[in-house]
1. Given a cut-off of under 8 Å on Cα pairs at least six residues apart, what relative contact order in percent is computed for the range B:112-187?
2. From the Cα gyration tensor of the range B:6-73, with a ≥ b ≥ c the square roots of its eigenvalues, which class applies: rounded if a/c is under 1.5, or else prolate if a/b is larger than b/c, or else oblate?
3. What's the average, rounded to a whole number, of partner chain beta-carbon atoms within 10 Å of each residue's beta-carbon in B:174-183?
4. Within a 10 angstrom radius of each residue's Cβ in A:60-73, how many Cβ atoms of other chains show up on average? Whole number is fine.
5. Counting other Cβ atoms within 10 Å, which trypsin sites (Lys or Arg not before Pro) in the range A:38-70 have at most 14 and lie in a DSSP loop?
6. Enter the mean number of other protein chain beta carbons within 10 Å of the beta carbon of each residue in A:41-51, as an integer.
7. Using per-residue counts of other Cβ atoms within 10 Å, averaged over each peptide, order A:19-32, B:31-44, A:122-135, B:67-80 from highest down.
8. Cα-Cα over 19 Å: which of B:LYS30/B:LYS66; A:LYS45/B:LYS140; A:LYS13/B:LYS170?
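Bear in mind these aren't lab numbers, they're just calculated from the coordinates by the rules spelled out. Because the structure is predicted, anything quoted here is derived from the model rather than measured. Counting neighbours? That spans all protein chains shown, and the Cβs are built from the backbone with ideal geometry, glycine included.
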Amino acid sequence: MNCNKEAVELMHKYLDGDLSKPEETELRVHLEDCEACQTHFHELKRTITLIHSAEQISAPKNFTENVMQQLPAEKKRMRYSRWFKAHPILTAAAIFFVFMISGVFSAWNQDSELVVSKQEDLIIQGDTVIVPEGVTVEGDLLVKNGNLIVNGTVDGNVTLINGKLLEESIESEGLMASVGEVNGELKMVDQVFEWIWYKTKDLFKGIFAF
Amino acid sequence: MDQIIREKIKLVKKGDQSAYEDVVSFFQNKIYQHCFRMLGNAHEAEDIAQEAFIRAYVNIHSFDDKRKFSTWLYRIATNLTIDRIRKRKPDYYLDAEVKGTDGLDMYSQLASKDRLPGEEVESIELQRYIHQEISGLPPKYRSIIMLRYLEEFSLQEISDILDIPLGTVKTRIHRGREALRKRLRHV
Ligand SMILES: [Zn+2]
């Protein structure tokens with residue numbers, strides 16, 4: 001076998017994992033007899049070991065930061081969306097403050113006129129609506145921006161927006177009881193918060209949709 | 001790790017820039033080192049390595065998810081280094097190759113790392129010598145030797161990275177090994 005041509009060629013094929021079985025035998029037989037090729041083969045294998053131990057070099061400090069700063073700006077929507085997802089509680093707080101700042105409360109308060117769905121036989125004292133004793137309201141009753149005292153009867157649902165159901169105590173008899181009755185569902189809505197909650201849910205849905 | 005990188009790349013493709021930070025952080029030393037060995041100096045290596053990451057980000061949509069991201073990234077980096085070597089003015093080329101410049105760069109790199117006890121300093125000198133001998137190979141052999149033995153890519157992957165036929169990769173790695181054998185024989 002020609003050392004420089006064939007044997008060295010086989011050595012490199014061996015190093016690349018390309019040697020066939022017969023070629024492997026051929027190389028082994030030659031190496032047993034040829035000292036020059038033994039040395040050559042040994043040097044090649046050692047070279048590879050040495051290459052592996054070449055000095056490791058680290059990137060300079062702040063390399064990643066510098067790259068990130070040079071990237072083109074990402075779409076704003078994505079940036080906000082990611083922030084919201086990472087900080088759900090802060091997001092809720094932020095939304096709350098945005099509403100506060102944008103004057104939701106004051107806007108709501110301006111619309112504070114007392115509204116009652118029906119007025120016949122009812123007494124209105126300031127911001128309080130009274131269903132007097134002996135009076136029966138047929139159907140549903142809605143009171144907005146006011147309190148309600150039921151001394152009579154309501155034959156229907158009662159909805160209170162921004163107001164409370166006051167229970168007038170009959171102190172003379174030493175009893176603490178509501179004297180009237182509501183023959184339906186009582187629903188109280190603190191509408192400012194209800195509305196904010198509704199809006200917040202709406203905004204969240206919008207954020208997480210994309 | 002491949003799987004984590006794959007997931008990060010998906011996020012980057014969706015427009016999540018922060019996911020790319022992890023990708024850069026994971027590959028920064030490998031790519032910087034590759035550029036450093038190709039170019040022989042720290043300044044150009046940093047410049048080109050950054051450029052490689054930026055290009056990969058900008059062109060992320062042309063990256064095929066079924067392939068290995070590292071292969072694609074090395075391809076960009078290698079092409080940029082070869083481009084830079086070609087564009088060098090003759091006098092700049094001489095400057096960069098002046099003996100000692102490399103060593104100085106290397107030294108400042110090392111100085112920032114933890115000092116090793118006396119016994120291992122000798123091996124650091126040897127490691128540096130080997131690095132310099134690899135850097136002294138012609139670029140077309142150097143890139144393949146580095147990709148094969150320092151970055152552990154397969155010959156087929158190297159063929160993809162450099163966009164040259166597998167047969168050519170084998171011929172060049174063969175010549176590269178022979179050249180280094182002669183340079184490192186007396187070590
Ligand atoms: Zn022989």
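1. Values: 40 pairs, mean separation 23.9, N = 76.
Contact order relative to length: 31 percent.
2. Numbers: a/c = 2.28, a/b = 1.97, b/c = 1.16.
Since a/c reaches 1.5 and a/b is larger than b/c, the shape of the range B:6-73 is classed as prolate.
3. Working: counts 8, 1, 2, 10, 7, 1, 6, 9, 2, 2.
What the average comes to for B:174-183 is 5.
4. Mean shielding count: 6.
5. The qualifying sites are A:LYS61.
6. Numbers: counts 0, 1, 7, 5, 2, 4, 15, 7, 2, 12, 13.
Shielding by partners across A:41-51 averages 6.
7. Working: A:19-32: 13.2, B:31-44: 22.3, A:122-135: 15.0, B:67-80: 19.5.
The packing order, highest mean first, is B:31-44, B:67-80, A:122-135, A:19-32.
8. On the way: B:LYS30/B:LYS66 22 Å; A:LYS45/B:LYS140 21 Å; A:LYS13/B:LYS170 9 Å.
Table pairs above 19 Å Cα-Cα are B:LYS30/B:LYS66; A:LYS45/B:LYS140.
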